[in-house]
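The values are calculated or read from the model by the stated rules, or taken from the named source; none is laboratory data. The structure displayed is predicted, hence computed values, not measured ones. Virtual Cβ from ideal backbone geometry, glycine too; neighbours counted across all protein chains shown.
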Amino acid sequence: MAKVRFCGPDTDAYVDSIVRHADEFTAKTGVELDITIVPSDEYFSNQIDRYLKGPGAADIFMSGPVLLWQHVGAGLVAPLEDLFEASSAEFDHNDFFPSLIASNRWSGKFGDRLGLGSLWEIPVNYETYNLAYVPETLSRYNVPVPQTWEELFALSAKIQTASAGKIRGFAQRGIQVWHTMYTGYATQFWAYGAEDFDETGKCAIGSAEGIAATSDFVAALRECGPSDWLNQRWYELALDFADKKYGFIVDSDHYVAFYEDPSKSSINGKTGYALPPAGPTGRRESNMWTWSLVMNANAPDKSAAWQFIEWAAGKQFLLRSAFEGNMNPTRRSIWDDASFKKVAADWGDYYPVARELIEGDARVLVTPSPRYLDLADRWVRGIRAAFSEEVSVADALASAAKDIDRLLGN
């Protein structure tokens, strides 16, 4: 019997669906499925080479734009455009949102934007970054929904003061990992008109716009962000927001799976959703991430591996997994499905906001690089140093930019 080896992280609803329905794949295809589950902290740090090389290596593994770029640079990823275009009618490759497919195409060269080049992965869920809030809290303290980042930070401080510190103003990840800068911070940073690299390929995070964005960010964190910001991980942060410990959060819109789950949340059916705030010039940005299936370049049976992708990224599987917590759906047909619309109708403005983002301006904002994890880690160290007041914001970003250019050989 042919075999496909799959590798994914724990604490992930999509991976849970794979495990739950593994026997279905074997019954349908006659291909055995071998599953390896890796702790999330290890997975998101991309320290998974030992699962991708040598005997028993995964044929298919989970990845996303930032993590993927490192594996592309290491020659561990098989291009999928030919298999994708020649897929079965049942798979219906045109059903995926074009922006998600574009975000997984890349030339492999630093500085080249996404959307051109090989297709490296097939998206099975995604996140854009929206504004979520607790309407009950806003009503209690006479606070409107913020339209700008300046308003968000000011209103966050108002909530915290009015609640005598019982409710923190806004939630934000803070530990020393790359996605601390990728989520709410990046969405704010680009809204201020800042960028990570300029036209010459030099790191530009220390620009006037970058300094302004980061200064506002760290000042607000000190005043009304998480009380232990330097130790805030994504999972606990989402659960804390669902427990009404914050007024606002700009982070993943697939957190709806937490917020609207009555077993995990005290705000299910009582959560507000809006577009992310605008920057000083009215610019509104939303960063994007996709959680996707990647084929190992060294997979011995790529036909069997593609069978797995067609099953695990197919319409039936992804529709079912959406009801098992796998948000957000990557296919238009699922968003248009009557059963999905009926469930989402109880989630406030989640549905219209999420669709506006994925069909509008949401995009992967950062510049692709095989070394993005290293440079993002250095950027986060700079933000954390500025927050701790070890150095000024300007000096922290200038030092980080210098080191990032050195990392990239600029």
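Residues are listed down the side, and each one gets a yes or a no for (1) crowded, with 18+ Cβ neighbours inside 10 Å; (2) more than 21 Å from the chain's Cα centre (by Cα):
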residue: Y43; (1), (2): yes, no
residue: R50; (1), (2): no, yes
residue: A58; (1), (2): yes, yes
residue: S63; (1), (2): yes, no
residue: L76; (1), (2): yes, yes
residue: E85; (1), (2): no, yes
residue: S103; (1), (2): yes, no
residue: E121; (1), (2): yes, no
residue: N125; (1), (2): yes, no
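List pairs: first in region 213-232 and closer than 23 Å to T281 by Cβ, second outside any helix (DSSP H, G or I), Cβ under 6 Å, 6+ apart or cross-chain?
A213/Y192; A213/A194
Taking the options A238, A186, A219, name whichever one is closer than 18 Å to L365 by Cα, of a type in the set (A, V, I, L, M, F, W, C), assigned by TED's automatic domain parsing to the domain that holds N142 and out of contact with any His (no Cβ under 7 Å at 6 or more places or on another chain).
A186
Looking at region 219-255 only, could you name the residues that are assigned to a helix (DSSP H, G or I), farther than 22 Å from R140 by Cα and of a type outside the set (A, V, I, L, M)?
R222, W229, N231, W234, Y235, E236, D253, H254, Y255, listed by residue number.
So if I check each of Y51, Y43, which one is closer than 22 Å to A257 by Cα and either out of contact with any Gly (no Cβ under 7 Å at 6 or more places or on another chain) or assigned to a loop (DSSP other than H, G, I, E, B) (or both)?
Only one candidate passes the filter, namely Y43.
From the list G360, G314, G348, which residue is closer than 30 Å to A86 by Cα and assigned by TED's automatic domain parsing to the domain that holds L80?
Matching residue, one of G360, G314, G348: G314.
Assess whether Y246 counts as being surrounded by 20 or more Cβ atoms within 10 Å (Cβ to Cβ), under 25 Å from R363 (Cβ atoms) and in contact (Cβ under 8 Å) with a residue 40 or more places away in the chain.
No; evaluated as a whole, the condition is false for this residue.
Hey, V393 hits all of (1) over 27 Å from V134 (Cα atoms); (2) without any contact (Cβ under 8 Å) to a residue 60 or more places away in the chain but one; which does it fall short on?
Single failed check for V393: (2).
Looking at (1) in the same structural domain as P65 (by TED's automatic domain parsing); (2) touching an Asp or Glu at 6+ places or on another chain (Cβ under 8 Å); (3) surrounded by 22 or more Cβ atoms within 10 Å (Cβ to Cβ), find the lone condition where E324 falls short.
Of (1) in the same structural domain as P65 (by TED's automatic domain parsing); (2) touching an Asp or Glu at 6+ places or on another chain (Cβ under 8 Å); (3) surrounded by 22 or more Cβ atoms within 10 Å (Cβ to Cβ), only one is false for E324: (3).
For G174, work out the one condition from (1) in a loop (DSSP other than H, G, I, E, B); (2) touching a Pro at 6+ places or on another chain (Cβ under 7 Å); (3) crowded, with 24+ Cβ neighbours inside 10 Å it doesn't fulfil.
(3)
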